[in-house]
Every structure is written in C-alpha cells, then in structure tokens.
1. Against the condition closer than 28 Å to residue A:686 by Cα and facing chain A (nearest Cβ under 9 Å), how does residue B:46 come out, does it pass?
2. Sort out which residues of the stretch B:59-86 are in contact with a strand residue (DSSP E or B) (Cβ under 9 Å, 6 or more places away or on another chain), within 14 Å of chain A (Cβ to nearest Cβ) and more than 16 Å from residue B:35 (Cα to Cα), and write them in order of number.
3. Return yes or no: is residue A:114 farther than 29 Å from residue A:392 by Cβ and touching a helix residue (DSSP H, G or I) at 6+ places or on another chain (Cβ under 9 Å)?
4. Sort out which residues of the stretch B:116-141 are in contact (Cβ under 8 Å) with a residue 12 or more places away in the chain and more than 16 Å from ligand 2 (Cβ to nearest atom), and write them in order of number.
5. Looking at the stretch B:31-43, is at least one residue farther than 22 Å from residue A:184 by Cβ, more than 16 Å from ligand 2 (Cβ to nearest atom), surrounded by fewer than 18 Cβ atoms within 10 Å (Cβ to Cβ) and outside the structural domain of residue B:113 (by TED's automatic domain parsing)?
6. When you look at residue A:633, is it within 14 Å of another protein chain (Cβ to nearest Cβ) and in contact (Cβ under 8 Å) with a residue 24 or more places away in the chain, yes or no?
7. Restricting attention to the stretch A:144-179, and to residues there that are part of a loop (DSSP other than H, G, I, E, B) and closer than 24 Å to residue A:741 by Cα, which single residue is farthest from ligand 2 (Cβ to nearest atom)?
8. Anything in the stretch A:636-652 that is more than 8 Å from chain B (Cβ to nearest Cβ) and either under 13 Å from residue A:477 (Cβ atoms) or buried (at least 24 other Cβ atoms within 10 Å of the Cβ) (or both)? List them, or say none.
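The values are calculated or read from the model by the stated rules, or taken from the named source; none is laboratory data. Small disclaimer: the values here were computed from a predicted structure and weren't measured. Backbone-built Cβ (ideal geometry, glycine too); neighbour counts: all protein chains shown.
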Ligand code: FES
Ligand code: FES
C-alpha cells in the first residue's frame with residue numbers, strides 16, 4: 001500500500017514555503033551571539049592572547065579559552081586527539097583558539113579583535129607524501145601515521161608472473177568540500193537544573209550528546225540534543241557538529257544565557273572537515289583473455305592535523321579499493337597520515353570515491369591495453385552471485401551488478417551511440433565512459449560497536465501512529481521512507497503515520513546516521529516494534545471475539561479472523577478498543593547488525609552485511625578549443641534491493657551524481673604549501689549549477705536483500721562514488737587522453753589537447 | 001536611521017542600523033526567516049527576494065536602499081497564485097530535499113513565471129542559475145517549474 005509509492009515527503013511543504021525552522025531561524029529570550037577565534041596559520045605557538053581586553057568590551061558576556069573549559073578539552077570522535085580549543089599550539093589554519101559570546105555581532109567582532117592573537121610560526125608539514133621525511137615535523141606519534149590498513153589475499157608476486165599484461169599507474173584526488181547549503185550552527189540553552197539543551201544542524205545527535213557532556217563536565221543525563229531541520233550534511237555533519245555544539249555549550253554555561261553560534265560560509269569551509277585528498281598507486285595484471293589475476297594497491301590519505309574519523313574512512317576506502325571485481329591475488333596497503341591541514345572526515349562515499357576513481361580508471365586503462373572493449377572487460381570480471389570479494393567474502397545474494405551494467409548499456413544504446421558520437425566532425429569531441437562500483441551497506445566490520453538501532457512506535461487511541469528513531473533526516477527523506485515502512489507494516493494509509501523529531505532524551509540511541517544505513521537499520525527496528533504491536537492488537541481482537549490469538553491476523557489496516565475473513569474490526573475501532581482494554585500500545589524495539597568477521601592483519605573476512613551495486617555510463621563533450629569538459633548525459637543504474645519511494649530514490653541518484661560530477665570536473669579546494677586555504681568561498685569553489693547539470697536517466701534495479709525492510713538496502717552515498725571515473729573514462733574515449741588527477745578543469749585539460757590539434 | 005517601505009504588501013516604518021543588509025532586517029527585525037543565508041556573498045541565491053518585482057540577493061542589498069520601495073519575500077509569495085502553484089509543483093515533483101535552497105528557488109521561479117509564463121527548459125536553467133542546490137542535482141527542480149507553468153496555464 002505505502003511501500004513502493006511516490007508519496008510526497010512529509011517535510012516538503014514547510015521547507016518550500018519557508019516555514020521550516022533551521023537553527024539559524026530560532027531565537028530565545030536573552031540569546032547571545034557566539035563566535036570563534038580561529039588560527040590564521042598552519043602551525044605555531046600562541047604567544048599572545050589578550051583575554052582581559054576582550055572581556056572589557058561592552059556587551060561581551062563570556063570569553064572562553066582552553067583553560068576555561070569546565071570538562072575535558074577533547075572532542076571525542078574515534079581517537080581522542082582533537083581538542084575543543086587549541087591549547088598553546090596550533091596545528092592547522094582554522095583551528096579554534098578562543099570563543100566569545102556577546103549581545104551583538106559587532107561586540108563579538110570587537111572582542112575577537114581585542115584579543116590581539118599572536119602566533120610564533122613553525123614550519124608546517126603540508127605535503128602528505130613527505131610524512132616520513134626526516135626533516136618533516138612529527139605531528140602524531142613516531143611516524144605521522146594515524147592508521148594503516150592491509151588486505152592480503154593469495155600471493156601477488158606469483159600471480160603477476162602468470163599475467164600477460166601488467167600496468168602500473170598513479171592516481172590522485174583533491175579535497176572535496178561538502179558545501180551543504182546550510183552552514184554549521186548550534187543554539188545552546190542552559191537549563192534551570194544546571195544542564196544544557198542543544199538545538200542544531202547535525203547527522204549524529206548521539207555523538208554530539210557524548211561530546212557535549214564531556215566538554216561541559218556534565219552527566220549525560222543532564223544533556224539533551226535536539227536536531228533541528230538540517231540543511232544538507234553529506235557526511236559533513238557527522239563528527240564536526242560535536243565541536244560546534246561544544247563551543248556553543250561552554251559559552252552558554254559560562255554566560256548562563258542561551259548562545260547561538262552559526263558559522264559563516266568562509267569560516268565553515270576553512271575550519272570544517274573535507275574529503276581526504278589521496279594518492280593511489282595501482283599495479284594490475286590480467287591474462288590475454290581479459291581475466292584479472294592480481295592487484296597491488298598502495299593508498300595514501302592526507303588526514304590533516306588530527307585523526308578524527310580517518311581510520312574508519314580509510315578502512316572503507318581500502319575495502320573498496322579493488323572495485324567489484326573477482327581478483328584472486330591482492331595486496332593492499334593503505335595509510336592515513338598527519339599534515340598541518342584541516343582534519344578530513346566523512347563525506348558521502350567515506351574514502352571510497354578516492355580509491356574507486358583509481359581502480360575504475362585502471363580497469364579502463366588495462367582494457368584498452370588488452371584491446372578489449374571496457375564494457376566487455378567488466379562483463380568478464382565483475383562479481384556475480386557466489387563469487388568472492390577481495391576480502392574473501394562470498395556474495396550470497398542480492399547481487400544486481402550484472403543487471404545494472406546490462407540495463408545501463410541497453411538504456412544508453414551504448415554501441416550505436418558510441419559509434420555515432422565518434423563519427424561527429426566537430427571541435428567538440430564526444431565520448432562514452434563507464435564505471436561499475438559497489439557499496440558496502442552500513443558500518444560493517446569497521447564499526448560494529450556503533451551498529452545498533454532503536455525504534456519507538458506508539459498507536460494512539462484515535463488510530464494514528466507516532467514513531468521515533470534515533471537516526472536523522474538531513475534531506476535524504478528518511479522520515480518519509482520510514483513512515484511508509486510503518487504504514488505498510490500495519491496496512492494503514494501513510495497519512496496516519498507521523499515521525500517525531502529527534503531528541504536524545506526521547507528517542508533510542510540508534511548509532512550514527514551514516515553509511516547509508518538509516519532506511520535499512522531503522523527500518524528493521526521499526527518492523528520489529530510493529531510486529532510486537534500487531535501481536536498485542538491480535539490479543540485484543542481475539543478477546544473481543546472470544547477466540548484464540550492465533551486465528552487473528554492484523555493486516556490491511558484491520559483485524560481479520562483467519563477462520564472467517566468476513567469478520568473484521570477496522571483499524572480505528574481496534575485502536576480505540578485496545579486503548580480501553582489498556583493494551584500495551586507503545587513499544588520500543590532494538591536491533592543490531594548481524595555480526596561480521598574480520599581479521600585486521602590479513603584484511604580477510606565479511607566486511608559488510610550486504611552490498612549495493614551500480615553501473616554508470618557517462619556521455620561527455622570535450623571542447624578542444626577551450627579544454628572545457630561537460631557531462632551531457634548520464635545513465636545511472638543502482639541496485640538498491642527495493643525502492644520504498646521511487647521519487648526519493650531518483651532524488652538521491654540525481655543529487656549524488658551531480659555532486660560526483662562536481663568532484664570530477666570543477667570542485668578544487670586548494671591549500672597552499674604554507675597551509676593557507678586559497679579559495680574558501682563559494683565564488684571560487686565551483687559547485688554545479690542548473691546550467692551544468694546533465695540529463696540523468698536513473699535506472700532502479702531491485703535485487704532484494706532478505707534482511708532489509710521489504711528487501712531494501714541503503715545506497716544514498718553510491719550515486720556520487722562512480723561519477724568522476726566514468727567521466728575520466730569518457731574523456732579518454734573522446735580524445736584518447738588519460739587524466740589521472742581529478743578535477744578535470746580546463747586548466748588541466750587544455751594543455752594536454754594541444755598535441756591533438758596537430759594530429760587533426 | 002529610519003526607513004519606510006512595503007513588505008509583502010504591508011507598509012513598514014522602522015529604525016535600522018546603517019550597516020545592516022536587507023537580509024538582516026528581514027530575518028532579525030521582521031522575523032521573516034523563510035529567506036535564508038547560505039553564503040552572504042551573492043553566490044547561492046538562498047536569500048533571494050523581489051525588490052520592486054526584480055530578483056535580488058538580499059545579502060548584497062544594503063537595507064537603507066529599500067527605502068520607499070517594495071519587497072516581496074517567500075512569506076508573501078506563498079499566498080500568490082504563482083507562488084502556490086510552484087510550492088505544489090515542487091512538493092509533487094520531489095524537488096525538495098534538505099529544503100534550505102527551496103524558498104530561494106520558489107522566489108526566483110516566481111520572478112521567471114511572472115515575466116515568462118511558459119519558459120522552456122533552457123530558459124529555466126538560465127533563470128535559476130544564480131541559485132545553488134547541493135542536494136537535488138536540479139533535475140526535479142526544473143521539472144517542477146515546468147509543471148507549475150503547465151498547471152497555471154490550465155487554470156487560466
Ligand atoms: S546568502 Fe545571499 S546569495 Fe548566498
Ligand atoms: S534541497 Fe538541499 S540545497 Fe537544495
């Protein structure tokens with residue numbers, strides 16, 4: 001009834017007409033403005049910070065430095081190494097040093113000025129490839145390595161000996177900035193009982209909850225986190241909101257007044273997390289028939305000044321580094337290293353877009369070397385049911401990659417279209433490129449501790465249903481999709497169901513809303529709660545009829561006697577009776593992911609419970625006069641198990657693909673060799689506009705995941721992940737030039753095209 | 001300083017800080033928070049409003065410049081025929097995700113449909129190119145404007 005339908009999002013109207021409240025739209029009596037003093041340099045010692053002068057500015061109500069933090073000066077994430085405020089030394093441009101709260105924006109600015117921050121600069125380490133140089137400073141431990149992950153499968157040296165063709169290539173990727181339209185922001189409100197309430201934009205309220213309690217030195221029971229309507233996240237509101245909330249909280253406690261702290265755009269770009277820049281070296285071998293025989297991959301991620309989430313981001317990048325292919329012998333080494341730059345963190349795809357760019361480009365290069373069509377080469381090597389991944393995991397079910405590939409090839413009329421494009425006589429050269437990728441759904445073996453979900457479902461006396469989960473809505477449509485799942489479980493109209501806002505004091509801890517896990521994991525917990533409630537309703541109906549529970553079925557929005565289906569009690573009446581009879585109508589259910597197995601030394605085991613799959617075909621146009629590359633058309637086939645709401649699925653495909661196109665073509669955030677950001681503005685960091693967006697044909701493949709709600713598996717990150725390599729491969733198809741470093745800007749492309757002109 | 005202007009058809013007379021932007025007085029003094037700040041530098045269009053009917057970024061307009069002029073925001077436009085049709089179409093087409101850009105898109109699309117009731121796809125792309133959306137990839141936004149234009153025509 002509700003599942004599979006294009007119902008209109010529950011939050012659409014309020015967002016469209018401007019009535020939805022984001023944190024910046026909120027205000028409280030007595031509310032102060034909060035602001036942060038950031039380091040203007042990449043590395044140094046703080047030699048002057050004049051707090052007294054700042055405190056004397058009229059209207060200033062609180063000034064906070066590392067010394068004034070009531071609890072621990074730590075932003076707890078994965079490794080506890082990042083302070084809430086720098087203590088004596090700074091390690092990256094943008095690092096927070098001090099906080100001010102005042103009655104007005106101008107008083108805040110004056111106070112920041114009055115602090116007269118002075119820093120004695122030290123030479124920064126900004127080139128990650130120099131992490132081991134004896135001359136480079138030691139920023140973390142003995143070796144500047146935050147994390148090292150390995151995969152060892154078979155004997156690669158022996159296997160390469162049997163290969164007919166081997167290529168070795170190096171690929172590089174740059175930063176990507178999330179550019180969520182709503183910048184980070186929090187409103188902290190001290191409570192009468194000495195606790196604190198936090199309202200704000202975030203993905204993971206339970207991370208924020210733990211972090212705020214720590215910095216405030218408060219018991220977790222006195223801290224309440226309420227997620228406000230969140231204006232985009234994409235991973236960028238996974239860990240760093242803990243910092244922003246911590247800042248607002250310590251200011252509010254110190255001033256004993258509500259404090260609203262909203263980052264401005266440049267400040268947000270400079271100081272908040274990014275996608276890790278990377279360097280991936282690949283050695284890949286195949287036999288004459290096109291079968292892959294071995295791969296060696298060496299990966300380096302530029303993690304920035306603190307470890308934060310780097311280890312887990314790198315882990316996903318490692319597991320995805322050989323793509324969705326059957327390769328019997330594999331050796332992967334991946335390292336995340338420290339530099340004096342902004343700490344990188346989560347961003348849609350979580351470490352996999354970097355390594356997938358490398359492997360998908362290398363696969364293409366090898367195909368051409370072998371003189372095998374890139375589509376055919378993939379047909380030979382992609383994972384099918386019963387195959388094993390490079391971590392030795394057997395793909396038992398829900399494997400729709402082949403179908404994705406064939407449907408994308410068919411929809412684009414690949415062979416004919418390619419011929420047609422190649423025959424065009426024009427200074428604009430066109431070509432087609434392909435990528436086939438996969439996505440390990442959920443936290444996997446890298447995050448088993450966090451992999452829990454809870455759900456609360458309550459049937460009201462009038463038959464309407466409320467539910468709550470601890471995962472969050474950040475624009476992807478989770479509240480709507482989960483509402484459809486609940487409505488379907490009872491067989492009632494979608495309109496009867498509503499989702500409560502996330503408040504850590506009322507909803508069960510559901511782990512983080514990351515890894516495309518909300519629909520599947522919260523959906524599972526909700527279904528358990530619904531099953532329990534249906535049992536309770538069946539008892540009520542049975543008592544009414546004086547029969548046994550087991551001959552009562554709750555379906556299609558009513559109680560039905562299985563021995564005589566004409567006898568029913570309609571939903572609203574059933575709810576009213578159940579309420580009268582004091583039946584239990586509110587249930588909390590918990591679910592945790594099925595266990596995964598993992599050996600960190602060999603990188604062998606079941607990395608994730610299930611995978612989503614995808615094939616992209618990109619049509620690009622390269623203007624040989626300007627070097628400008630346009631993505632004109634995209635066929636994007638995604639196996640997601642089951643589309644609970646096809647409109648929302650298409651929205652994820654279209655939006656993610658365009659973000660991936662930005663990553664491939666225009667988005668380049670530059671931090672120079674002194675560690676200074678050069679373009680922290682949306683006017684110099686180019687995200688796609690309406691004029692750039694391609695025509696996209698989303699293709700939904702449904703190879704059901706038997707443990708997912710109605711067969712669904714998460715996929716929200718996947719649309720971004722394979723676009724940059726599909727574009728690179730299409731550029732090669734168009735002009736026979738290989739670009740191994742994204743983004744493919746005219747500045748990079750045009751010089752390479754010169755040779756081409758001479759040939760013509 | 002004191003200024004007088006019309007906001008969504010109602011006259012206002014207020015004291016302003018001479019350095020305030022139009023965006024600030026809308027959000028802070030008039031509690032019209034449907035107009036959003038995404039960048040503060042004229043790049044994103046989240047702060048779009050109509051000034052004497054023309055589309056502007058309110059983060060770039062000094063507040064004193066609206067003296068004796070007329071300003072329309074999402075809170076006014078949502079009551080108009082075109083605004084209503086656009087909101088319906090955005091909801092129906094799935095053109096809204098996080099929603100932070102949405103009021104700005106409705107405002108910019110209103111300006112377009114007022115001057116060009118039946119725009120082509122490429123005219124829509126051009127007219128909305130000053131508004132950024134990071135979530136939708138724009139496909140459904142463009143579809144929504146086409147749908148609204150069709151619905152308005154059918155009604156007339
Ligand atoms: S806030 Fe005005 S254009 Fe972005
Ligand atoms: S819907 Fe999020 S920015 Fe447009």
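1. Working: closer than 28 Å to residue A:686 by Cα: yes; facing chain A (nearest Cβ under 9 Å): yes.
Answer is yes for this residue.
2. B:80
3. yes
4. B:117, B:118, B:119, B:121, B:127
5. Within the stretch B:31-43, one or more residues are farther than 22 Å from residue A:184 by Cβ, more than 16 Å from ligand 2 (Cβ to nearest atom), surrounded by fewer than 18 Cβ atoms within 10 Å (Cβ to Cβ) and outside the structural domain of residue B:113 (by TED's automatic domain parsing).
6. Considered against the rule, which asks whether it is within 14 Å of another protein chain (Cβ to nearest Cβ) and in contact (Cβ under 8 Å) with a residue 24 or more places away in the chain, residue A:633 comes out as yes.
7. At the first step, the residues of the stretch A:144-179 found to be part of a loop (DSSP other than H, G, I, E, B) are A:144, A:154-155, A:163-164, A:174, A:177-179.
Among the residues that remain, those that are also closer than 24 Å to residue A:741 by Cα are: A:174, A:177-179.
Values: A:174: 22, A:177: 14, A:178: 11, A:179: 9 Å.
Checked the stretch A:144-179; the qualifying residue farthest from ligand 2 (Cβ to nearest atom) is A:174.
8. Listed by number, the residues that qualify are A:636, A:637, A:638, A:639, A:640, A:641, A:643, A:644, A:645, A:646, A:649, A:652.
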